[in-house]
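Everything on this sheet refers to the single structure shown next.
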There are 2 protein chains.
Amino acid sequence: MQVTIINIGDELLIGQVVNTNASTMSRLLTAAGMDVLKTMVVGDERQAIWNAVDEAMRESDAVLVTGGLGPTKDDITKKLLCEYFGSELVESPMALDNVKRIFESRGYELTPVNRAQALVPKCCEVLNNDLGTAPCMWFPGKTVLVSLPGVPFEMEWLMRNRVIPKLQETFHTDIIVTKNILVQGIGESFLSDLIEPWELSLPEHIKLAYLPVAGLTKLRLTVHGNYDPAILKGLYDLAGKYIVGEDCETLDELVHTTLIKRGLTLATAESCTGGNIARLLTAQAGASAYFKGGIVAYSNEVKESVLGVKHSTLAAHGAVSEATVREMAEGVRQRLGTDLAIATTGIAGPDGGTKEKPVGTVWIAVANANGTEAKLLQFGANRRQQNIDRSTNQAFAMLIRMICQKH
Amino acid sequence: MQVTIINIGDELLIGQVVNTNASTMSRLLTAAGMDVLKTMVVGDERQAIWNAVDEAMRESDAVLVTGGLGPTKDDITKKLLCEYFGSELVESPMALDNVKRIFESRGYELTPVNRAQALVPKCCEVLNNDLGTAPCMWFPGKTVLVSLPGVPFEMEWLMRNRVIPKLQETFHTDIIVTKNILVQGIGESFLSDLIEPWELSLPEHIKLAYLPVAGLTKLRLTVHGNYDPAILKGLYDLAGKYIVGEDCETLDELVHTTLIKRGLTLATAESCTGGNIARLLTAQAGASAYFKGGIVAYSNEVKESVLGVKHSTLAAHGAVSEATVREMAEGVRQRLGTDLAIATTGIAGPDGGTKEKPVGTVWIAVANANGTEAKLLQFGANRRQQNIDRSTNQAFAMLIRMICQKH
């Protein structure tokens, strides 16, 4: 069963907003055994929307459209779909009840602009949107079209609770298994050479993809049909020492589940990563089970006063040095009383580099009761966000290796 | 001049990766006066790529394709384009020099897999990719096609330094002005009612869009032609008290530029936002001019030991309370010796709520030498990331208002 996704919005076409809706929808559809054939983004322009819908209706079993359903004047999707399906707008009692309920719960008066949100094409079925005032509209037919609001959390709730169950009911769907393996410490092309014999031995119904992200390569197996975990033995034989984890999307997810499983606590002392490590961990529900807290020690004063890095260390070696990163990790571990600690200090760029310590020079340390390990990274690149992301992933990989070898 | 973007990659279609390339490319093209007609994502499938390219070639002046250029077996773009343009693969001396240079600089041996990256269709012009081994290929013609690597930083560098200058040289391009106004403290539909008279008075060449993100509404004016700043007076007359800034994409950018301009320093004490405020500020180059550091005080022990929140305050009022958030803001401001401080404490969810303090209850405080302002927010929603993002934006808006009123 093949699905096309159309996301509507000028803000997407001019690049003001990253289109997370497409990836959320794709992930949910794939997990439910449906194939995403294509995703498209078009602006709030009548002809562009019409053409995209018309094309998608001809080549897919289902077309999911987001956006353009708000109460404001730049939102034109509903009227256009009404015309496309040769229907007329009528007030839906269910949609009106929903709009009233939401306005009452917020203590607001219903304005005419908001009441108009309950108007829908006569030929569609309204799927109730518990989280917002824009209706979700299901247009039945040989190819089904579903129109959803573009607000990410409303869209996601509707996908999970209304659209996917109804698609599964309407269409017959295959089972697809996706398996992730996280590999760190080897570049994509070297990894490709190393595991080539295994890759060539994979059966036809298993597809392998390489996905390098910030110093990490995610290997993704997509399995249409039966999956036997024994298939991974050949991969581990060739590249086992580079594999840091399985069955997770990211290293922060792996750190999160590993620390919870092992009952260990963590503190962070971040300079160049600026809080990125802490926020990735705390973005996950349940982080308070292991994460006690972190210090973003951006200035040297804070490294001294809050983390206890010695003034003489900073004077002799500088903030970006092995001695400093070790004292940061040990200081935060001791002050916050945790089993484990991570520390980062470096020059993320684009400015601040010197000849001895160019932009991209980063020291990372992880500490536990047995000691501290520190590593120098030289990304050699003038790209701030990438240096932050790579430092973050390196820190997570070092922590995972420390936990798995030493506990 | 109309551009279509095609991003290739199974990882995008199954939703494992958010497609940031489309938004980066769209932003750069728009800023250079080019219209993005449509963006499409297709998987690593021959027929899907072929159809997307063929369709885009018929309806655009330029087609930009990313992805599928890596050294691994799932990358098929180059061969397919070679066939599409009826050409043959030849080794490009320039591309080979580039591959060699990059491998030498990293101290690696050149493998046959990597040498094959220098093969390109004979009919294309190679645009040198200074940052990576995959070549950027320009196929001239009535409609131009450009194939770029999908690695985000390589793609962005190539867009800025190679592709856009060459597109501007090849095509005549209009000037488009984009103007952002950040509005906070009023919902989208109420804002729409409030500013309707102004909106209706806008001339035809100015288009208005509403973009709500995490408690903030970005109003975007897209101007094809002349822009007179006086057009904003009507907006300020109607909604001035809700406007927190202009000419920036996000509130963290506004805080960053405001603090640098005014020479003020900042510290953060984050509980429910978990480091998100610090990492957004430090993601911007130059943050060390004002950001001294932050404490991610996730546990109560850290609130006490590092921030100096009184044990009796936590015992009497709890961690999520006005008294605690005030002591957090004042504590971090005093300990880190800054002009300003931000503090957050709340229940981001999905667990941890009680009847008195349900999930979505958040206290935010901002402090300066004149005192502390605290605000209770009740998002009433069980969505962790949204609660974190909204709390972050509220904190930034409160800080901006404090700076602009009181300094």
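The values are calculated or read from the model by the stated rules, or taken from the named source; none is laboratory data. The structure presented is a predicted model; accordingly, all values stated were derived computationally and were not measured. With ideal geometry, Cβ positions are generated from the backbone for all residues, glycine too; neighbour counts draw on all protein chains shown.
Right, A:Val163: in contact (Cβ under 8 Å) with a residue 24 or more places away in the chain, touching a strand residue (DSSP E or B) at 6+ places or on another chain (Cβ under 9 Å), of a type in the set (Val, Ile, Thr) and outside any strand (DSSP E or B) or not?
Values: in contact (Cβ under 8 Å) with a residue 24 or more places away in the chain: yes; touching a strand residue (DSSP E or B) at 6+ places or on another chain (Cβ under 9 Å): yes; of a type in the set (Val, Ile, Thr): yes; outside any strand (DSSP E or B): yes.
Taking the combined requirement at face value, the residue satisfies it.
Being more than 8 Å from chain A (Cβ to nearest Cβ) and surrounded by fewer than 23 Cβ atoms within 10 Å (Cβ to Cβ) is the filter here; which residues of the range B:21-33 pass it? Break it down into steps so the answer makes sense when it comes.
Step one: of the range B:21-33, the residues more than 8 Å from chain A (Cβ to nearest Cβ) are B:21, B:31-33.
B:Ala31, B:Ala32, B:Gly33, listed by residue number.
All but one of (1) under 22 Å from A:Ala32 (Cα atoms); (2) touching a strand residue (DSSP E or B) at 6+ places or on another chain (Cβ under 9 Å) hold for A:Val244, so report the exception by its number.
It is condition (1) that A:Val244 fails.
B:Gly353 - would you say it is modelled with pLDDT of 95 or more and under 28 Å from B:Gly380 (Cβ atoms)?
On the way: modelled with pLDDT of 95 or more: no; under 28 Å from B:Gly380 (Cβ atoms): yes.
So B:Gly353 does not fit the description; no.
What are the residue pairs meeting all of these: first residue in the range A:240-252, first residue modelled with pLDDT under 90, second residue not acidic (Asp, Glu), Cβ atoms under 6 Å, and 6 or more apart or on different chains?
So the pair list comes out as A:Cys248/A:Leu254.
How many residues, within the range A:169-213, are within 16 Å of A:Gly234 (Cβ to Cβ) and under 19 Å from the mean Cα position of the chain (by Cα)?
Looking only at that region, the number is 3.
Scan the range B:284-343 residue by residue and report those that are closer than 30 Å to B:Glu249 by Cα, among the hydrophobic types (A, V, I, L, M, F, W, C) and more than 26 Å from the chain's Cα centre (by Cα).
Step one: of the range B:284-343, the residues closer than 30 Å to B:Glu249 by Cα are B:284-298, B:325-326, B:328-330, B:332-333, B:336-343.
In the following step, the residues that additionally are among the hydrophobic types (A, V, I, L, M, F, W, C) were identified as B:285, B:287, B:289, B:291, B:295-297, B:325, B:328-329, B:332, B:336, B:340-343.
Across the range B:284-343, the qualifying residues are B:Ala297, B:Val325, B:Met328, B:Ala329, B:Val332, B:Leu336.
Quick check on my filter: what residues within the range A:289-303 are closer than 10 Å to B:Phe291 by Cα and among the polar types (S, T, N, Q)?
Passing the criteria: only A:Ser299.
For the range B:297-309, which residues satisfy the criterion of being part of a helix (DSSP H, G or I) and crowded, with 22+ Cβ neighbours inside 10 Å?
We begin by selecting, within the range B:297-309, every residue part of a helix (DSSP H, G or I); these are B:300-305.
Across the range B:297-309, the qualifying residues are B:Val302, B:Lys303.
Would you confirm whether any residue within the range A:310-323 is crowded, with 24+ Cβ neighbours inside 10 Å, of a type outside the set (Lys, Arg) and at pLDDT 95 or above? It would help to see each step written out before you state the result.
We begin by selecting, within the range A:310-323, every residue crowded, with 24+ Cβ neighbours inside 10 Å; these are none.
The answer is no, given that none of the residues of the range A:310-323 is crowded, with 24+ Cβ neighbours inside 10 Å, of a type outside the set (Lys, Arg) and at pLDDT 95 or above.
Tell me yes or no: at least one residue of the range B:238-249 is within 22 Å of A:Gly43 (Cβ to Cβ) and buried (at least 20 other Cβ atoms within 10 Å of the Cβ).
Checked against the condition, which is being within 22 Å of A:Gly43 (Cβ to Cβ) and buried (at least 20 other Cβ atoms within 10 Å of the Cβ), the range B:238-249 yields no hits at all.
All but one of (1) surrounded by fewer than 24 Cβ atoms within 10 Å (Cβ to Cβ); (2) facing chain A (nearest Cβ under 8 Å) hold for B:Gly294, so report the exception by its number.
Unmet for B:Gly294, out of (1) surrounded by fewer than 24 Cβ atoms within 10 Å (Cβ to Cβ); (2) facing chain A (nearest Cβ under 8 Å): (1).
Check the range A:313-327 and report whether any residue there is touching a helix residue (DSSP H, G or I) at 6+ places or on another chain (Cβ under 6 Å), within 13 Å of chain B (Cβ to nearest Cβ) and closer than 23 Å to A:Ile364 by Cα.
Looking for residues that are touching a helix residue (DSSP H, G or I) at 6+ places or on another chain (Cβ under 6 Å), within 13 Å of chain B (Cβ to nearest Cβ) and closer than 23 Å to A:Ile364 by Cα, one finds at least one in the range A:313-327, hence yes.
Please determine, by comparing only the residues of the range A:41-51 that are surrounded by fewer than 24 Cβ atoms within 10 Å (Cβ to Cβ) and of a type in the set (A, V, I, L, M, F, W, C), which one is modelled with the lowest pLDDT.
Filtering the range A:41-51 for residues that are surrounded by fewer than 24 Cβ atoms within 10 Å (Cβ to Cβ) and of a type in the set (A, V, I, L, M, F, W, C), the one modelled with the lowest pLDDT comes out as A:Ala48.
Report yes if B:Glu199 is surrounded by 16 or more Cβ atoms within 10 Å (Cβ to Cβ) and over 21 Å from B:Ala397 (Cα atoms), otherwise no. Explain how you work it out, then say what you get.
Details: surrounded by 16 or more Cβ atoms within 10 Å (Cβ to Cβ): yes; over 21 Å from B:Ala397 (Cα atoms): yes.
Against the criterion (surrounded by 16 or more Cβ atoms within 10 Å (Cβ to Cβ) and over 21 Å from B:Ala397 (Cα atoms)), B:Glu199 qualifies.
Go through (1) without any contact (Cβ under 8 Å) to a residue 24 or more places away in the chain; (2) in contact with a helix residue (DSSP H, G or I) (Cβ under 8 Å, 6 or more places away or on another chain) and name the single condition B:Ala214 misses.
Answer for B:Ala214: the failing condition is (1).
Counting only residues that are closer than 25 Å to B:Ile14 by Cα and either outside the structural domain of A:Thr222 (by TED's automatic domain parsing) or within 31 Å of the chain's Cα centre (by Cα) (or both), give me the helices (runs of 4 or more DSSP H) lying completely in the range A:2-112 with at least 2 of them. Walk me through it before giving the result.
Working: elements: A:10-13, A:20-31, A:46-59, A:77-84, A:93-106.
Fully inside the range A:2-112 and qualifying: A:10-13, A:20-31, A:46-59.
Filter the helices (runs of 4 or more DSSP H) completely within the range A:171-286 down to those with at least 1 residues that are within 12 Å of chain B (Cβ to nearest Cβ). Please lay out each step first, then the result.
Working: elements: A:188-194, A:196-200, A:233-239, A:251-262, A:276-282.
Once the helices (runs of 4 or more DSSP H) in the range A:171-286 are filtered for at least 1 residues that are within 12 Å of chain B (Cβ to nearest Cβ), what remains is A:188-194, A:196-200, A:251-262, A:276-282.
Please specify each residue of the range A:303-341 satisfying the condition of being touching a Phe, Trp or Tyr at 6+ places or on another chain (Cβ under 8 Å) and touching a residue at least 40 places away in the same chain (Cβ under 8 Å). Break it down into steps so the answer makes sense when it comes.
Here is the first cut: in the range A:303-341, the residues touching a Phe, Trp or Tyr at 6+ places or on another chain (Cβ under 8 Å) are A:320-322, A:324-325.
Residues satisfying the conditions are A:Val320, A:Ser321, A:Glu322, A:Val325.
Restricting attention to the range A:255-276, which residues are closer than 22 Å to A:Gln405 by Cα and either buried (at least 24 other Cβ atoms within 10 Å of the Cβ) or outside the structural domain of A:Gln385 (by TED's automatic domain parsing) (or both)? Spell out how you get there, then give the answer.
As a first pass, look at the range A:255-276 and keep what is closer than 22 Å to A:Gln405 by Cα: A:255-268.
Listed by number, the residues that qualify are A:Val255, A:His256, A:Leu266, A:Ala267, A:Thr268.
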